[in-house]
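K.L.:
Before I ask anything, here is the structure I am working with.
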Ligand code: GLU
């Protein structure tokens, strides 16, 4: 398959859509990013890589990081995690408080904000230790030792993260957090602030396309049983309350973030990452979603 030709074709078609939508400004540091970026990267289990656009420019991965913390939690805590967080699509926005109240502080799934906050609590071993573990993990799976937190973004999230703070406190009141809201949110805000390129992102999730083994290094990152579960969760819960539309249009497990990134998995074949900062009303990259739809159409490689 000539993936470079496919990416070139997508880029030509997508150009009029780049910048359509809205760059989020509820985290002020994200609002400063230009809407005009677009990047796409493919990383295959056979070691081939293809890129188009700004694929070497760093962006804030935001909620895509929830895949990394959940991978660590699945490994550290295993199935016990599911006592504290569900596995169903939420059908509500990623930062809704209402559902959390009437479901007694148990978030619907690990990819909405309260679910990710519980996951951060489950892997908490101290602020410094947990953040170091996370960075070590991300550097390993990306193969890029320079990946780091963006302290400016983390601070902006802390300053303006009142809704996340409300969710953490609500869950604490239901005894679904072990640590203090501030400690857990320190991990959560930092994980969201991780900066990497679109190519780094495609590389970082490659183990999910290869039964949990990173084909770049041969390292086992996750068991094949847990990898199946992760891909299933991404398919059913990875795109906020637009997960049904994404599955219909793209047909792949994926995870998005409000930084405009989306990572998607074609099991046994490849990963494809996109980045374009302007979002649709559900919080997913507008041009990015369309680009992934075109990708599975032209490459004829959705999971269905
Ligand atoms: N840091 C963002 C927040 O907490 C992440 C949201 C997202 O990417 O879904 O609202």
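Bear in mind these aren't lab numbers, they're just calculated from the coordinates by the rules spelled out. Predicted model only: the values in this text are computed from it and were never measured. Using ideal geometry, Cβ is built from the backbone for each residue, glycine included, and neighbour counts are taken over all protein chains shown.
K.L.:
When all alpha-carbon pairs of segment 143-234 are counted, what percent fall beyond 14 Å?
P.N.:
Taking all Cα-Cα pairs of segment 143-234, the fraction more than 14 Å apart is 73 percent.
K.L.:
Next question, about the same structure. For segment 153-304, what is the relative contact order in percent, using Cα pairs closer than 8 Å and at least 6 residues apart in sequence?
P.N.:
Rounded, it is 17 percent for segment 153-304.
K.L.:
Moving on to the next point. Using a Förster distance of 35 Å, how high is the FRET efficiency between residue 228 and residue 165, based on the Cβ-Cβ distance and rounded to 0.05?
P.N.:
E(calc), rounded to 0.05, equals 0.55.
K.L.:
With the cut-off at 1.5 for a/c, could you classify segment 1-113 from its C-alpha gyration tensor as rounded, prolate or oblate? Working shown, then result.
P.N.:
Working: a/c = 2.58, a/b = 1.56, b/c = 1.66.
Judged from the Cα gyration tensor, segment 1-113 comes out oblate (a/c at least 1.5, b/c at or above a/b).
K.L.:
When Rg is the radius of gyration of the Cα atoms in segment 199-269 and Rh is its Kirkwood radius, what does Rg/Rh come to?
P.N.:
Values: Rg = 12.0 Å, Rh = 12.4 Å.
Result for segment 199-269 is an Rg/Rh of 0.97.
K.L.:
log₁₀ I(q)/I(0) of segment 171-303 at q = 0.10, 0.13, 0.16, 0.18 Å⁻¹, via Debye over equal Cα point scatterers, no solvent, to two decimals?
P.N.:
Calculated log10 I(q)/I(0) at the listed q: -0.36, -0.60, -0.87, -1.05.
K.L.:
Okay, moving on. Please rank 237, 192, fewest neighbouring Cβ atoms within 10 Å first, as an exposure proxy.
P.N.:
With the sparsest Cβ surroundings first, the list reads 237, 192.
K.L.:
Helix 224-237 versus the longest principal axis of the chain: what angle, 0 to 90°, nearest 10, using Cα atoms?
P.N.:
The two axes meet at around 90 degrees.
K.L.:
Give me 198, 227, 297 ranked fewest to most by other Cβ atoms within 10 Å of their Cβ, as a rough exposure proxy.
P.N.:
297, 227, 198
K.L.:
May I pose another question? Let me have the relative contact order for the chain, percent, based on Cα pairs under 8 Å that are six or more residues apart. Walk me through the intermediate numbers first.
P.N.:
Numbers: 645 pairs, mean separation 84.2, N = 304.
Relative contact order comes out at 28 percent.
K.L.:
Please work out the Cα center distance from segment 219-298 to segment 54-103, rounded to the nearest Å.
P.N.:
About 14 Å separates the Cα centre of segment 219-298 from the one of segment 54-103.
K.L.:
At a Förster radius of 30 Å, what calculated FRET efficiency corresponds to the Cβ-Cβ distance of residue 32 and residue 103, to the nearest 0.05?
P.N.:
Details: r = 35 Å, r/R0 = 1.18.
Calculated value: 0.25.
K.L.:
Points 7 angstrom from Cα along the Cβ direction at residue 129 and residue 178: gap in nanometres?
P.N.:
1.0
K.L.:
Let me ask another. Diagonalise the Cα gyration tensor of the chain and give the resulting equivalent ellipsoid semi-axes, square root of 5 times each eigenvalue, largest first, whole Å. Write down the numbers at each step before the final one.
P.N.:
Details: eigenvalues 158, 86, 66 Å².
Ellipsoid half-lengths, sorted descending, are 28, 21, 18 Å.
K.L.:
Report the extension gain between residue 144 and residue 88 in nm, rounded to one decimal, defined as 0.36 nm multiplied by the number of residues separating them, less their alpha carbon distance.
P.N.:
Numbers: separation 56, 0.36 × 56 = 20.16 nm, distance 3.32 nm.
Extra length from residue 144 to residue 88 when fully extended: 16.8 nm.
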